Structures are given as structure tokens and as C-alpha cells.
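See structure below.
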Amino acid sequence: MKAKPILCPQRLRHVPRQFSWIDQRLVRDGHIRGRSSQAMALYLFLCTVADAQGASYYSDSKVAELLGFGLGELRAGRAELVAVGLIAYSCPFYQVLSLEPQAAPAERLPEPRTGEERSFGEILRSMMEEP
């Protein structure tokens, strides 16, 4: 694998105390595919303000104001995220949910046990391969 250059070493990311990084599986597993810009802006906002368990709460009017949305756009984006399982919502509480693969469980069967020894890296690589 080719090493990626560090463009700005004085600004390397570190896990912050408030824990607000976005899971790469959002892109890699296709969770953003087909999502509206309102839904993705809301998701980014919620990931940014959530605690380590993904929980946060803001009023509709405040979220709409901060994102520059009308209340209808906010509600539509939120409904979209709830429908696809990216967030849970019970007014005024939001929870950013863990990202689960979109493939049906039957499509991602575990590898059969063979009794052969494999390194942790080999196991991870096999898990990351596209089915």
C-alpha cells in the first residue's frame, strides 16, 4: 500500500474528548448513496454535536436555524435518516446509530472455519473485501 503524505503535520487529527468523528463506513458501505443533501447536512451536524453514545438534543427551530433549513426541509431530512436507520429520533432527542452493513444478512455469510491459522490482518482484510 502506498503511503499517503501528511500535508499539514502540525494539524494531525486526534480523538477529541467529546468524540465527534464520522465513521468511514458511511461512505465505504454505501450508507450515503441516494441520501439528500438535507439529510447528509443533518447527519454531519448530529455527528458533530453528539456525545460518545451518539446522543444529542436540539430543538427543531435551532437545528433549522444552524443549518439554514426551513422546518419542512429539516423534518424531511430527519425522516430520511430515520427511515434508513442512520439515526433514531424522539422529540427532542436524537441518537446517531452505529453503522450496520446495508447488505442483507444472508448475503454476508461468515467464512467457514477451516482450522487454519490466520493473522489478525488477514482476517480484517477478508472482512473488508466487497462480497
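Figures for the structure shown
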{"item": "Those residues of the range 67-96 which are in contact (Cβ under 8 Å) with a residue 12 or more places away in the chain, under 18 Å from the mean Cα position of the chain (by Cα) and surrounded by 14 or more Cβ atoms within 10 Å (Cβ to Cβ), in sequence order", "result": "Gly77, Arg78, Glu80, Leu81, Val84, Leu86, Ile87, Tyr94, Gln95, Val96"}
{"item": "Evaluation of Ile6 against (1) in a loop (DSSP other than H, G, I, E, B); (2) among the hydrophobic types (A, V, I, L, M, F, W, C); (3) touching a Ser or Thr at 6+ places or on another chain (Cβ under 8 Å) (one fails), failing number", "result": "(3)"}
{"item": "Residues of the range 29-49 classified as closer than 15 Å to Arg17 by Cα and surrounded by 19 or more Cβ atoms within 10 Å (Cβ to Cβ), total", "result": "1"}
{"item": "So Ser56, is it hydroxyl-bearing (Ser, Thr, Tyr), closer than 18 Å to Ile22 by Cα and surrounded by 14 or more Cβ atoms within 10 Å (Cβ to Cβ)", "result": "yes"}
{"item": "Hey, Asp51 closer than 22 Å to Pro92 by Cα and not in a helix (DSSP H, G or I) or not", "result": "yes"}
{"item": "Close pairs from the range 35-63: first on the phi < 0 side of the Ramachandran plot, partner of a type in the set (Val, Ile, Thr) and assigned to a helix (DSSP H, G or I), Cβ under 6 Å, at least 6 apart", "result": "Ser56/Val49"}
{"item": "Single condition Arg17 does not satisfy, out of (1) loosely packed, with under 14 Cβ neighbours inside 10 Å; (2) more than 26 Å from Glu100 (Cα to Cα); (3) not small (Gly, Ala, Ser)", "result": "(2)"}
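No value in this document is a laboratory result; all are computed from the given coordinates. The structure presented is a predicted model; accordingly, all values stated were derived computationally and were not measured. Using ideal geometry, Cβ is built from the backbone for each residue, glycine included, and neighbour counts are taken over all protein chains shown.
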